[in-house]
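Comments concern the structure below.
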Amino acid sequence: MDRFRVLIVDDEEDFVETLVNRLNRRNLETTGVGRGEEAVARAREQPFDAVVLDLKMPGMDGIETLKEIKKIQPLAEVILLTGHGSMETSIEGMQLGAFDYVLKPIKLEDLLVKLAEAFKKKALHEQKIRDARIKGLTHFPEGSGRPEGGEE
Amino acid sequence: MKTEMYSDLQRKIITITLLVSFSPLLVLGATIYYQFANTYREKIRDQISYRAGAQAEAVDLFLKERTAVLSVIAATYDFEYLIQEANLAHIFGIMNTSAGAFVDLGVIDQQGKHLAYVGPHNLKNLTYESERWFAEVMNSGLYISDVYTGFRRFPHFIIAVRRQQDRKNWILRATIDPVVFGGLLRSAWVGKTGDAYLLDQNGVFQTQPRFDGQVLSNADLDTALFGTGVTFFEMEGGAEGSRLYAGKWLKNKRWLLVVSQEAAEEMTGLFATRRLEILIVGLGILAILIATIATTRLTVNRLKQADRRMNKLNMQLVQSDKLAALGKMAAGVAHEINNPLAVIIQKTGWMEDLLEDEDFKTSKNAQEFKLSIRKIEEHVERARKVVHNMLGYARKMEPRVEDVDVNATLEQTISLLENYSRTNNIEFRKELAQELPILAGDQARLQQVFLNILSNAIDAIGKDGLIRVESELTETAVQVRITDNGAGIPVEFQNKVFDPFFTTKSSGKGTGLGLWVSYDIMEKMGGSIRFKSKVGKGTTFTINIPILLPEKK
């Protein structure tokens, strides 16, 4: 199985760099970027299984970035990094399709748990799509798979 | 200093009020009194003057009558007839029946020889030729003498008329009874000190005065003081005080009728009025004094209370302003600290990850590194907790609205602490009101407030003590009172306890955020949190939760 691909988006450079190192060390394929715009560009270039997204960033903010990424890669699970002050924003984010949130400053263990859940969910999701495709091939379509075929 | 200001104010109000109210009262009192006194004196003067005038008229009339009687007799009867003593006695009898007051009656020829006499004294054959009155009456035809002792050795006076008959003169002479004449004046001895008497031109008593003198003694009164008509004056006397005098010369201009009275007696009415007036003014002053002092005290006390309330209110306003500003600042600081903390945690995590590598594991100081990193993490965790509390996710989240049973929330909170309190021998005594309404609110936040205050109470006691938890329904709120008998809060700390980071607990044991957060929660809820504390006695926190009833579902 391929390694999981994770995109870290946070304007704190040291934070991103260290987190990328630690996740890579735990055998995840991790990329880090410092801005929302950069994250969207990366999402266009390659698929990710999970995106860890800071809500408060200069330029394109977390919610905007979330919307863009979800447009490009609907199946990528987004975990929001949230401060105490942006609780409402993270709720909004989850209504927009984010998978979960983690309170800053994060503990790696917590993040790993959430990432694992995200991967599980995504895997399940993809499995369903595959099953549906198989069914679609063997049966006449009735409710056929939803047109989420943005996946490759 | 404050007390001084109030008493100064009180003094000023009292002084001004008294000045303003006393001055007109005294001026009015004095004016009325002097007006009244003047009128009264005038009236007395009129009265005494009238008495003198009337009395003088009566005496004049008396003399005129007696003179007329004599004149009529002298004109009616002949000399020869009258010198018969039997005839004279007969006429004397008639005179005394009709007019009275005659003591004797005599006929005297022009040589001054007493030819006939009727009366108690043996005056017959006495010769009056050398007497002054004899010359007078021979000269003017009528004579009324001053009072004199004469042959009789007691004071009397005479009336004599002359008649010319056949070129010869004779005289009819009568003595007036001094007792009857004196009685005429005695009737004017009014009251206890009233006197009335006659004086001759030299100031010699012609009748018996009531006081200080005898007939024919000198009256010590300057008759020149009396003019025509009725003269009135007041004279300073001795021990009895001044006397009022009124006098009038009789028609013959030789006798002066004097009426006198002690001024004090006449003035009793005035003095009574004066006493009454002084009493009324005195009572008025007393009433004003009492009323002024009482109302001023009341006013100043009200002012004091109002000031105190105002100060308290101002202090509360300042307090909540301060807390609001501090809150904003703290939130800003917390955010700024949060980001570096996040980086530090990742960095230390990374270092730990790297220490797992073989070459580091075997390194001499690997253990020391690990220990240091753990310590860093521990302290970052501490800092993280502070930030967490400061930003209090409970505070920042939208408040939930749910049904809240205050008593149940209290019970639940107490049960969380009971295990700890039991080991420290701290008793909870619950006095919860029955039938409190179910409120609409955020139970978790309310519990946070209760927990903060109850655990503070436990910390204040330490070991062995009592925490009383009461709930009560007031008009606008459900009131919860939590009272401990612990150490109490020193006065100098009392306006700081709600400040963030204010704590008396040792570092690491308390963040100083509990009461700050509680205060904020209660304010946002529309309620309040207050306390009263006395060092050594304990502290009572009073929490008012506004009555917001849940919407009917």
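The values are calculated or read from the model by the stated rules, or taken from the named source; none is laboratory data. No experiment lies behind these values; they were computed from the predicted model shown. Neighbour counts run over all protein chains shown; Cβ positions are idealised from the backbone, glycine included.
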Open item on the list: For the list (1) among the basic types (Lys, Arg); (2) surrounded by fewer than 16 Cβ atoms within 10 Å (Cβ to Cβ); (3) closer than 26 Å to residue B:273 by Cα, I need the number of the one condition that residue B:41 fails.
Closed with: (2)
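Please find, among B:86, B:68, the residue that is aliphatic (A, V, I, L, M) and either surrounded by 18 or more Cβ atoms within 10 Å (Cβ to Cβ) or over 14 Å from residue B:174 (Cα atoms) (or both).
On the way: B:68 fails: either surrounded by 18 or more Cβ atoms within 10 Å (Cβ to Cβ) or over 14 Å from residue B:174 (Cα atoms) (or both).
Only one candidate qualifies: B:86.
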Task: Selection count where residues are among the hydrophobic types (A, V, I, L, M, F, W, C), touching a residue at least 40 places away in the same chain (Cβ under 8 Å) and away from every other protein chain (no Cβ under 12 Å), scope the stretch A:4-51 - done: 8
Open item on the list: Any residue that is in contact with a strand residue (DSSP E or B) (Cβ under 7 Å, 6 or more places away or on another chain), in a helix (DSSP H, G or I) and of a type outside the set (Asp, Glu) - is there at least one of those in the stretch B:257-278?
Closed with: yes
Task: the stretch B:306-348 - residue that is touching a Pro at 6+ places or on another chain (Cβ under 7 Å) and at pLDDT below 75 and, of those, nearest to the other protein chains (Cβ to nearest Cβ) - done: B:330
TODO: Among the strands (runs of 3 or more DSSP E) lying completely within the stretch B:400-452, list those that include at least 1 residues that are in contact with a helix residue (DSSP H, G or I) (Cβ under 6 Å, 6 or more places away or on another chain).
DONE: B:402-404, B:426-431
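Residue by residue, here is whether (1) among the acidic types (Asp, Glu); (2) out of contact with any Gly (no Cβ under 7 Å at 6 or more places or on another chain); (3) buried (at least 19 other Cβ atoms within 10 Å of the Cβ) holds:
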position	(1), (2), (3)
B:453	no, yes, yes
B:457	no, no, yes
B:464	yes, yes, no
B:488	no, no, no
- [ ] Evaluate the following for residue B:383: is it farther than 28 Å from residue A:25 by Cβ, within 14 Å of another protein chain (Cβ to nearest Cβ) and surrounded by 12 or more Cβ atoms within 10 Å (Cβ to Cβ)?
- [x] no
- [ ] Report whether or not residue B:92 is assigned to a loop (DSSP other than H, G, I, E, B), of a type in the set (Phe, Trp, Tyr) and in contact (Cβ under 8 Å) with a residue 24 or more places away in the chain.
- [x] no
TODO: Give B:221, B:216, B:184 a once-over and let me know the one that is out of contact with any Gly (no Cβ under 7 Å at 6 or more places or on another chain) and surrounded by 17 or more Cβ atoms within 10 Å (Cβ to Cβ).
DONE: B:184
Open item on the list: If residue B:527 satisfies all but one of (1) touching a residue at least 12 places away in the same chain (Cβ under 8 Å); (2) more than 54 Å from the chain's Cα centre (by Cα), what's the number of the condition it fails?
Closed with: (2)
Task: Members of the stretch B:1-19 that are under 19 Å from residue B:282 (Cβ atoms) and either surrounded by 12 or more Cβ atoms within 10 Å (Cβ to Cβ) or touching a Cys at 6+ places or on another chain (Cβ under 6 Å) (or both) - done: B:14, B:17, B:18
Task: Test: residue in the stretch B:373-395 that is modelled with pLDDT under 90 and on the phi > 0 side of the Ramachandran plot - done: yes
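Taking the condition at pLDDT 90 or above and surrounded by fewer than 20 Cβ atoms within 10 Å (Cβ to Cβ), does residue B:509 pass?
Values: at pLDDT 90 or above: no; surrounded by fewer than 20 Cβ atoms within 10 Å (Cβ to Cβ): yes.
Considered against the rule, which asks whether it is at pLDDT 90 or above and surrounded by fewer than 20 Cβ atoms within 10 Å (Cβ to Cβ), residue B:509 comes out as no.
Which of the residues belonging to the stretch B:453-473 are part of a helix (DSSP H, G or I) and of a type in the set (Gly, Ala, Ser)?
B:455, B:457, B:460
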Open item on the list: Tell me yes or no: at least one residue of the stretch B:414-424 is modelled with pLDDT under 90, in contact with a Lys or Arg (Cβ under 7 Å, 6 or more places away or on another chain), more than 14 Å from every other protein chain (Cβ to nearest Cβ) and farther than 23 Å from residue B:517 by Cα.
Closed with: yes
